[in-house]
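A short reminder: the numbers here are calculations on the coordinates, not readings from a lab. In this text the structure is predicted, and so the values were computed from the model without any measurement. Ideal geometry is used to build each Cβ from the backbone, glycine not excepted, and the neighbour counts take in all protein chains shown.
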Amino acid sequence: MTTPHRPAVRPPYYYESLDWAGLVKEYEPPFEFMTGARLWSREQIAEEQLKRLRGAMSRAAKVPFYQRLWGEAGFHPEDVKSLEDLSRMPLYTIDDIRDSIERRPPLGDYQGLGFEDGAATPLRLYTSGGTTGAPRPTIYSQWDREVGAILSARTFYMQGVRPGDVVMNAWAYSTHNAAWIMDHALWHWLGATPLTTSTGNVTPTEKQVELAHLFKASSITATSDYLLHIADTARKMGLDPKHDLSLKTLLSFGDTAAVEEAFGVPTYDSYAFHEVQYVAAECHAKDGLHVFEDAFIVEVVDFETGQPLPPGHRGNLVVTALYKTGTSQLRYNIQDISAAYEDVECACGSRHRKLDYFQGRSDTMVKLRGVNVWPEACGRIVREHPGVTGEYFCIAQRVQPEGKPARDAMTIMVETVDGAEGSVQLRAELEKLLKQKVGVQIDVELVGRDSLRGLTGHGERAKLKRFEDQRAVNR
Ligand SMILES: [Zn+2]
């Protein structure tokens with residue numbers, strides 16, 4: 001039979017579209033990884049990283065997004081002669097991705113493959129950021145899916161999952177990558193059976209408890225918040241999460257101590273994001289997250305300057321995925337906050353560098369009494385008042401009012417027109433305006449014309465500094 005209006009085309013069958021032997025040699029699956037790449041010396045890691053970085057750069061050099069980004073910065077891949085030279089490559093953030101999508105909707109010009117390439121290699125598409133604004137798509141080649149699944153499987157294996165296990169996957173099987181790659185990892189690379197429940201919206205939590213109990217799940221993968229909810233629900237159903245379930249280990253993201261307490265089994269943290277899958281995973285030493293350094297170069301950079309920071313300093317994570325072929329991520333400033341650990345051998349025997357636990361997002365958002373506040377938005381509001389020059393600077397602080405719990409507060413320093421810096425009325429008007437428009441109290445401090453230049457870098461910086469977060473100082 002033929003379909004008259006569509007020609008006959010042989011599909012790229014999954015089993016023959018990939019060099020499987022080459023794949024597992026380059027990116028070892030969990031069992032081999034434990035005694036292989038996990039124990040590489042620093043010299044071996046550096047040598048492989050440089051080699052793989054060259055490959056990743058040559059793939060990205062064909063992508064319009066990188067051609068533009070690198071061209072504007074005067075960067076040439078040939079400039080990278082050693083790993084230290086990586087810092088010459090420009091960083092990019094989610095804003096550049098949004099810009100790329102606007103330039104060429106709906107996929108942007110940052111993808112290395114288009115749907116038509118699905119005729120040669122099996123592709124997947126997942127999107128993130130669906131709650132606000134346009135979806136951010138990522139196209140994954142078959143190679144990217146397999147390596148991503150291997151990294152996920154390594155994480156689960158390091159954290160105690162074994163062949164023959166039943167693992168309940170309570171991540172959302174939705175537009176986002178997470179649940180799918182975990183599913184793939186359990187199925188293809190671990191010999192563990194995924195018990196697919198998705199989130200509580202899809203399978204009510206009582207049902208999840210029943211399923212985990214009935215099928216003797218030895219692990220559950222979910223956020224710490226949801227794992228705690230499962231424990232609560234189990235107790236309400238008359239089950240003791242510590243004794244009535246068959247759990248051996250729990251795979252989480254976030255605060256794991258409370259989960260260990262609730263279930264009485266080891267619970268491990270990790271770090272991953274949509275585009276690149278598992279970047280780093282906690283080992284049994286439970287002291288930081290090991291980066292999979294055969295697949296990534298992770299830098300921690302200064303929030304303001306973007307310059308790489310030494311171990312122990314908090315900054316933005318900048319991730320370079322060495323393995324991607326579908327959509328490249330090279331020096332992606334993901335704006336998640338962490339710090340690198342000192343480069344020493346871990347108690348688990350690995351020399352792969354460790355990151356501190358995830359410490360939040362660095363985008364300048366501040367949460368005040370449940371309200372998200374952006375310094376730039378406050379600046380736009382005060383500028384509406386004729387009594388100000390338009391220059392401002394915000395400071396977030398942790399304050400401890402007498403007899404009340406500590407809370408976050410924000411002060412906006414505002415330059416006034418000449419002679420108005422002492423005006424009690426102007427200050428009250430600006431505070432009222434902010435309260436109305438932001439929905440929460442923002443303190444106003446009036447200052448004279450040009451007196452904020454030292455803080456904002458006016459006249460010195462291309463992009464003015466408008467915000468300083470001093471909350472960590474008083475914590
Ligand atoms: Zn370790």
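Worth pointing out:
- Stokes-Einstein translational diffusion, region 4-88 - Kirkwood Rh over all Cα pairs, 0.692 mPa s, 37 °C, in µm²/s: 200 µm²/s
- Total lysine pairs in region 366-474 at Cα distances under 27 Å, for residues eight or more apart or on different chains: 13.
- A DSSP coil position with no more than 16 other Cβ atoms inside 10 Å describes the following trypsin sites (Lys or Arg not before Pro) in region 367-435: Arg369, Arg383.
- Among beta bridges from DSSP that stay inside the chain, the antiparallel ones total about 65%.
- Between Ser451 and Ile94, full extension at 0.36 nm per residue minus the direct alpha carbon distance yields a gain of 125.3 nm.
- Taking a ≥ b ≥ c as the square roots of the eigenvalues of the alpha carbon gyration tensor, region 314-395 is prolate, as a/c is not under 1.5 and a/b beats b/c.
- In terms of its alpha-carbon gyration tensor, region 90-213 comes out prolate; a/c meets the 1.5 threshold, and the first ratio a/b outweighs b/c.
- One decimal place: the segment His284-Lys242 gains 13.1 nm when fully extended, by the rule 0.36 nm per residue minus the C-alpha distance.
- Contour minus Cα-Cα distance for Val9 and Leu211 (0.36 nm per residue): 68.4 nm
- Where only C-alpha atoms are counted, convex hull volume of the chain per residue in Å³: 199 Å³
- The chain - percent relative contact order, Cα under 8 Å, separation 6 or more: 12 percent
- Rounded if a/c under 1.5, otherwise prolate or oblate - region 367-412, Cα gyration tensor axes: prolate
- Label-point gap, in nm, between Thr193 and Asp363 - each point 7 angstrom along Cα→Cβ: 4.1 nm
- With Cα atoms, 0 to 90° folded angle of helix 142-158 axis to the chain main axis: 90 degrees
- Alpha carbon Rg of region 366-474, scaled by the compact-globule rule 2.2 N^0.38 Å: 1.06
- Among Gln400, Pro386, Ala420 - extreme Cα towards positive end, dipole of region 366-474, charges at beta-carbon: Gln400
- Here the Karplus relation 6.51 cos²θ - 1.76 cosθ + 1.60, evaluated at θ = phi - 60°, turns the backbone of region 342-358 into coupling constants of 4, 7, 9, 6, 6, 4, 7, x, 8, 9, 5, 4, 10, 10, 5, 5, 3 Hz, with x for every Gly and Pro.
- Helix-only [θ]222 nm of the chain, DSSP H runs n ≥ 4, -39500 (n - 2.57) each, per residue, nearest 500: -8500 deg cm²/dmol
- Here Lys324 is the anchor, and the lysines within straight C-alpha reach of less than 23 Å, apart from those fewer than 8 places off in the same chain, are Lys25, Lys51, Lys62, Lys81, Lys354.
- The relative contact order of region 366-474 comes to 31 percent, based on Cα pairs under 8 Å that sit 6 or more residues apart.
- Vicinal HN-Hα couplings computed from phi for region 72-78 (Karplus, 6.51 cos²θ - 1.76 cosθ + 1.60; Hz; Gly/Pro x): 5, 8, x, 9, 10, x, 5
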